[in-house]
């Protein structure tokens, strides 16, 4: 079983908008997720696309290093989440000499890809007690 992780930090997209996009791909097969992200109209889909592609490349490298066979069709997104990054604070001039604060939010995006676990042989079912 191959697990690969890819992270991107301080991406200039709000976590709320990025979470809307990751809801589209959660639990999907990795190549299907890339196809969904490629045609998603949201601006957050581009950095998420790059993270998923990076996680696939990480899985390929990890499998080559350990000598395992990896079929990219077996990779699926086991976990994907968005955390809030640092917030850039900017000020905008307002009427009567005042200033208002603008918060430019950033995100940390993490994608974990896995291959399905090979199922162990099923154990024999427990014997039932004979009823009298």
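Only the coordinates and a few stated rules stand behind these numbers; no lab work does. Given the structure is predicted, the values throughout are model-derived calculations rather than measurements. Note that we place each Cβ from the backbone using ideal geometry, even for glycine, and neighbour counts take in every protein chain shown.
Okay, helix-only estimate at 222 nm for the chain: each DSSP H run of n ≥ 4 adds -39500 (n - 2.57), divide by all residues, round to 500 deg cm²/dmol; what do you get?
Values: 3 runs with 43 residues, N = 132.
Roughly -10500 deg cm²/dmol at 222 nm, from the helical runs in the chain.
Using only Cα atoms, tell me the angle between helix 15-25 and the longest principal axis of the chain; keep it within 0 to 90° and round to the nearest 10.
Value to nearest ten degrees: 30.
Ranking request for peptides 5-17, 90-102: highest mean number of other beta-carbon atoms within 10 Å first, then the rest in descending order. Please report the intermediate quantities before stating the final value.
Values: 5-17: 15.8, 90-102: 8.4.
So the peptides 5-17, 90-102, ranked by packing, come out 5-17, 90-102.
Packing-wise, with mean Cβ within 10 Å as the measure, how do 45-55, 21-31 rank, highest first? All intermediate terms of the calculation are to be shown ahead of the outcome.
On the way: 45-55: 20.0, 21-31: 16.6.
Most protected by this proxy first, the peptides run 45-55, 21-31.
Hey, what's the per residue convex hull volume over the C-alpha atoms of the chain, in cubic angstrom? Each step should come with its number before you reach the end.
Numbers: hull volume 25.1 nm³, N = 132.
Measuring per residue, one finds 190 Å³ for the Cα hull of the chain.
What is the chain's relative contact order, in percent, from Cα pairs under 8 angstrom and six or more apart in sequence?
This gives 38 percent for the chain.
Which of rounded, prolate, oblate describes region 1-47, given a ≥ b ≥ c as roots of the alpha-carbon gyration tensor eigenvalues and a/c under 1.5 marking rounded, otherwise prolate only if a/b is larger than b/c?
Working: a/c = 2.03, a/b = 1.27, b/c = 1.60.
Oblate, because a/c is 1.5 or more while a/b does not exceed b/c.
Report the relative contact order of region 15-60, percent, no decimals, based on alpha-carbon pairs under 8 angstrom and at least 6 residues apart. Don't skip to the answer; put the middle values down first.
Values: 23 pairs, mean separation 16.7, N = 46.
Answer for region 15-60 is 36 percent.
Using the alpha-carbon centroid of each, what span in Å lies between region 92-109 and region 40-63?
31
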